[in-house]
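Each value in this text was obtained by applying a stated rule to the coordinates, not by laboratory testing. Note that the structure is a prediction, hence the values are computed from the model and not measured. All Cβ positions, glycine included, derive from the backbone under ideal geometry; neighbour counts span all protein chains shown.
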Amino acid sequence: MLKLGIYLSVALFACTLFVVQAKSLQDDNKERLKRIEDQQADIHQSELGTYSEFSTKASWPNFKQIGSRYFYIDSSSKYTWEEAVSACRDLGGCIAAIKDQEELDAIAEELDAKRYWLGINDRTRWGDYVSEASGKKAFLKWQRAEPNNEGNNERCIELLNAEMNDLPCSYKLNIICQADNNV
Ligand SMILES: [Ca+2]
């Protein structure tokens, strides 16, 4: 009888220990979940911040989403390259550069068969084509036999029929602006 009592006490003790441990594990998990939820809320908040910064900066409804970014395409007015930089800035954006081939294809679908300035030039260093907006190395898709730097005076990049060409920056072309300065 005494033995049975001891066995029962040990069993009860083990059981209690198990319950306490399970409870503490559950509390741990709850705390972890809460931390993850807080982090997600922070990320969402910072995304909202970026969005509202953009929406007040870029002038709606001129900018249109094409692929993952926002662009403004002006197929009616013509500008020198310098004027194009100012015109895009006045709209709250930057003269556009292209992220990659996918984005180029998507933009090209929106264009007439006209010539558009892009925010790309090699004016700082010959052959070093950078984005005006981000200062980063630009994605390039040249037309056949370009860039040829004709007359030693072609430092700015145009987009024509989904391909690029270097031109004198003083030429007057249509423009493409981007809302961000990431590319
Ligand atoms: Ca050329």
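Quick check: is even one residue across the range 115-122 surrounded by fewer than 16 Cβ atoms within 10 Å (Cβ to Cβ) and either in contact with a strand residue (DSSP E or B) (Cβ under 8 Å, 6 or more places away or on another chain) or closer than 22 Å to Asn181 by Cβ (or both)? Looking for residues that are surrounded by fewer than 16 Cβ atoms within 10 Å (Cβ to Cβ) and either in contact with a strand residue (DSSP E or B) (Cβ under 8 Å, 6 or more places away or on another chain) or closer than 22 Å to Asn181 by Cβ (or both), one finds none in the range 115-122, hence no. The residues of the range 148-169 that are surrounded by fewer than 19 Cβ atoms within 10 Å (Cβ to Cβ) and out of contact with any Cys (no Cβ under 9 Å at 6 or more places or on another chain), listed by number, are Asn148, Asn149, Glu150, Gly151, Asn152, Leu160, Asn161, Ala162, Glu163. Among the residues of the range 94-124, which ones are within 16 Å of Tyr79 (Cα to Cα) and not hydroxyl-bearing (Ser, Thr, Tyr)? Once the filter is applied, which keeps residues that are within 16 Å of Tyr79 (Cα to Cα) and not hydroxyl-bearing (Ser, Thr, Tyr), the range 94-124 yields Cys94, Ile95, Ala96, Lys114, Arg115, Trp117, Leu118, Gly119, Ile120, Asn121.
Taken over the range 127-147, the criterion of being surrounded by 11 or more Cβ atoms within 10 Å (Cβ to Cβ) and free of Cβ contacts under 8 Å to residues at least 40 places away in the same chain is satisfied by Asp128, Tyr129, Val130, Lys137, Leu140, Trp142, Gln143, Glu146, Pro147. The residues of the range 61-77 that are over 11 Å from Ala179 (Cβ atoms) and either without any contact (Cβ under 8 Å) to a residue 60 or more places away in the chain or basic (Lys, Arg) (or both), listed by number, are Pro61, Gly67, Ser68.
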